[in-house]
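Peer 1: Have a look at this one.
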Amino acid sequence: MKRIALFPGSFDPFTKGHEDIVLRGLRLFDEVVIGIGNNAIKKRYFPLDVMKEMIEKTFSEQQNVRVITYDDLTAHTARELGATFLLRGLRNTTDFEYENGISQVNRYLYEEIETVFLITSPMLAPISSSIIRDLHRYGQRVDDFLPYSLSELNRLNQEG
Ligand code: ADP
């Protein structure tokens, strides 16, 4: 059976920390599906469709990476995809507290699902989407934290 992992997140924006988790996940799974959660209540900073496109470009060389958007419970989305693993990154104890609860609920909703946590690579641990949003909002360069071209992202953003 194909080992499919769903990597769920807001990815607002997708960072080099996220890229690292995907690339390391590919050593464990046959396919990694990056699922951008479309939570109607949470207003995004970077639009969903633009982010999807930038993530697809980031992994254009990897045939076993797919990007989807979803508006449903993560556990139900995983089941529909035939994914029996959830992939998540752990940076610190705050992440752990949060992830611990979510993974229990996901098992409650979908018994066959196993969440696999990868500890962040030390160089990438301080990177968070929320810090990048703050830096970007005030005109600071954030290119070093992103695995794709920010100018292209801005251009697509303006076109859309
Ligand atoms: P969510 O809104 O679901 O927390 P995020 O997009 O913030 O979504 O993060 C998705 C996943 O990526 C989470 O498991 C998070 O802990 C992990 N992650 C975020 N930043 C990093 C990083 N720098 N290194 C490793 N994992 C990270």
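Peer 1: Suppose we filter Phe117, Phe145 for residues that are touching an Asp or Glu at 6+ places or on another chain (Cβ under 8 Å), near the ligand (Cβ under 9 Å from one of its atoms) and of a type in the set (Phe, Trp, Tyr); which single one remains?
Peer 2: Details: Phe145 fails: touching an Asp or Glu at 6+ places or on another chain (Cβ under 8 Å).
The unique qualifying residue is Phe117.
Peer 1: Exactly one of (1) crowded, with 22+ Cβ neighbours inside 10 Å; (2) within 11 Å of the ligand (Cβ to nearest atom) is unmet by Lys42. Its number?
Peer 2: (1)
Peer 1: Please specify each residue of region 121-134 satisfying the condition of being in a helix (DSSP H, G or I), at pLDDT below 95 and among the hydrophobic types (A, V, I, L, M, F, W, C).
Peer 2: Within region 121-134, Met123, Leu124 qualify.
Peer 1: Follow-up. As an exercise: evaluate Tyr108 against (1) modelled with pLDDT of 95 or more; (2) farther than 21 Å from Thr15 by Cα; (3) outside any helix (DSSP H, G or I) and give the number of the one condition it does not meet.
Peer 2: Unmet for Tyr108, out of (1) modelled with pLDDT of 95 or more; (2) farther than 21 Å from Thr15 by Cα; (3) outside any helix (DSSP H, G or I): (3).
Peer 1: Please go through region 141-155 and give me each residue that is assigned to a loop (DSSP other than H, G, I, E, B) and not charged (D, E, K, R), ordered by number.
Peer 2: Of the residues in region 141-155, the ones assigned to a loop (DSSP other than H, G, I, E, B) are 141-142, 146-149.
Once the filter is applied, which keeps residues that are assigned to a loop (DSSP other than H, G, I, E, B) and not charged (D, E, K, R), region 141-155 yields Val142, Leu146, Pro147, Tyr148, Ser149.
Peer 1: Within region 89-113, count every residue that is under 30 Å from Met1 (Cα atoms), loosely packed, with under 12 Cβ neighbours inside 10 Å and acidic (Asp, Glu).
Peer 2: 2
Condition check ((1) farther than 12 Å from Gly89 by Cβ; (2) modelled with pLDDT of 95 or more; (3) away from the ligand (no atom under 13 Å from the Cβ)) across all residues:
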site: Arg3; (1), (2), (3): yes, yes, yes
site: Pro13; (1), (2), (3): yes, yes, no
site: Lys16; (1), (2), (3): no, yes, no
site: Arg24; (1), (2), (3): no, yes, no
site: Asp30; (1), (2), (3): yes, yes, yes
site: Val33; (1), (2), (3): yes, yes, yes
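Peer 1: Further, regarding this structure: For Leu86, all conditions in the list (1) surrounded by 20 or more Cβ atoms within 10 Å (Cβ to Cβ); (2) more than 17 Å from Thr120 (Cβ to Cβ); (3) not β-branched (Val, Ile, Thr) hold save one; what is the number of the exception?
Peer 2: Result: Leu86 fails condition (2) only.
Peer 1: Further question on the same structure: Could you list, in sequence order, all residues of region 94-126 that are more than 20 Å from His18 (Cβ to Cβ) and either of a type in the set (Ser, Thr, Tyr) or in contact (Cβ under 8 Å) with a residue 40 or more places away in the chain (or both)?
Peer 2: If the condition is that a residue be more than 20 Å from His18 (Cβ to Cβ) and either of a type in the set (Ser, Thr, Tyr) or in contact (Cβ under 8 Å) with a residue 40 or more places away in the chain (or both), then Tyr108, Tyr110 are the ones that fit.
Peer 1: Still on this model: Take the residues in region 115-142 that are surrounded by 12 or more Cβ atoms within 10 Å (Cβ to Cβ) and of a type in the set (D, E, K, R), then tell me which one is farthest from the chain's Cα centre (by Cα).
Peer 2: Of everything passing the filter in region 115-142, Asp134 is farthest from the chain's Cα centre (by Cα).
The values are calculated or read from the model by the stated rules, or taken from the named source; none is laboratory data. Predicted, not measured: the structure shown is a model, and the values here were computed from it. All Cβ positions, glycine included, derive from the backbone under ideal geometry; neighbour counts span all protein chains shown.
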